[in-house]
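Okay, so here's the structure we're looking at.
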């Protein structure tokens, strides 16, 4: 029910809608309602389709273009419009169509000259303040939606970053663990070389359980009066029966293999 558009002001029956100023003016007495941008568009959409039901989804899409809003935003906007109109004696402008949406009857827009000013300036001030608060709530809802989307994107980025770090760390960890495993295995192998302890002229010697040859025991006996506290004797392989002799002096290892007479291995 659009009668005319003049300088950005659109007339619907006995009401003028100024989109730039966000006002709805009753022509008969110049009663002005200050509303939000979305509320201005809601009234204009309902008035322009008088006697038709406009679905909630349509109102959300058309009256909040470019914004992400909830059904609660529409409920609050309709309530604010009804409160504003009730201040000037218009109590049944917007009709609720259960489970569908809202409508404005053409008869409610007809100019019958009956309505007179029945509001106070302080009521209008309170109403303007209420709509300013509604606009703030609307902006906050929109901002919260943007923040939530941003937080979800950041969480995805952090999750992908952690996954990439996990991939790189897993490879390096595998190398480190493998290295230490080999060291441990080698240490165990070395320890297994000394599965037993024997006594050589009162001296404790760690060895592999095989009877030590005379050159080894003689070399140990010759150092009986020294400060060496521990002895290790173990074969070093080869075709000959060659042994390596290690002594521990003040927590230092001393290789005494050269002092073992192993000439029989050179034949």
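Compared with the alpha-carbon gap, the fully stretched path from residue 7 to residue 49 is longer by 13.0 nm at 0.36 nm per residue. Between residue 56 and residue 27, the C-beta separation translates, for a Förster distance of 45 Å, into a calculated FRET efficiency of about 0.95. When peptides 57-66, 196-205, 24-33 are sorted by average Cβ neighbour count within 10 Å, with the highest value leading, the order is 24-33, 57-66, 196-205. Footprinting exposure proxy ranking of 18, 227, fewest other C-beta atoms within 10 angstrom first, gives 227, 18. Label-to-label distance, residue 208 versus residue 261, with points set 7 angstrom from Cα along the beta-carbon direction: 2.4 nm. Ordered by the count of other Cβ atoms within 10 Å of each Cβ, fewest first, 217, 96 give 96, 217.
Highest mean first, the peptides 79-92, 244-257 sorted by other C-beta atoms within 10 Å per residue fall in the order 79-92, 244-257. Taking R0 as 25 Å, what FRET efficiency do you get between residue 97 and residue 68 from their Cβ-Cβ distance, rounded to the nearest 0.05? The pair residue 97/residue 68 has a calculated efficiency of 0.50. Straightening the chain between residue 75 and residue 110 buys 10.0 nm, computed as 0.36 nm per residue apart minus the Cα-Cα spacing. With a Förster radius of 45 Å applied to the beta-carbon distance between residue 156 and residue 177, the computed FRET efficiency rounds to 0.90.
FYI, it's all coordinate maths here, none of it is from the lab. Note that this is a predicted model, so its numbers are computed, not measured. So basically every Cβ, Gly included, is an ideal-geometry build from the backbone, and we count neighbours across all protein chains shown.
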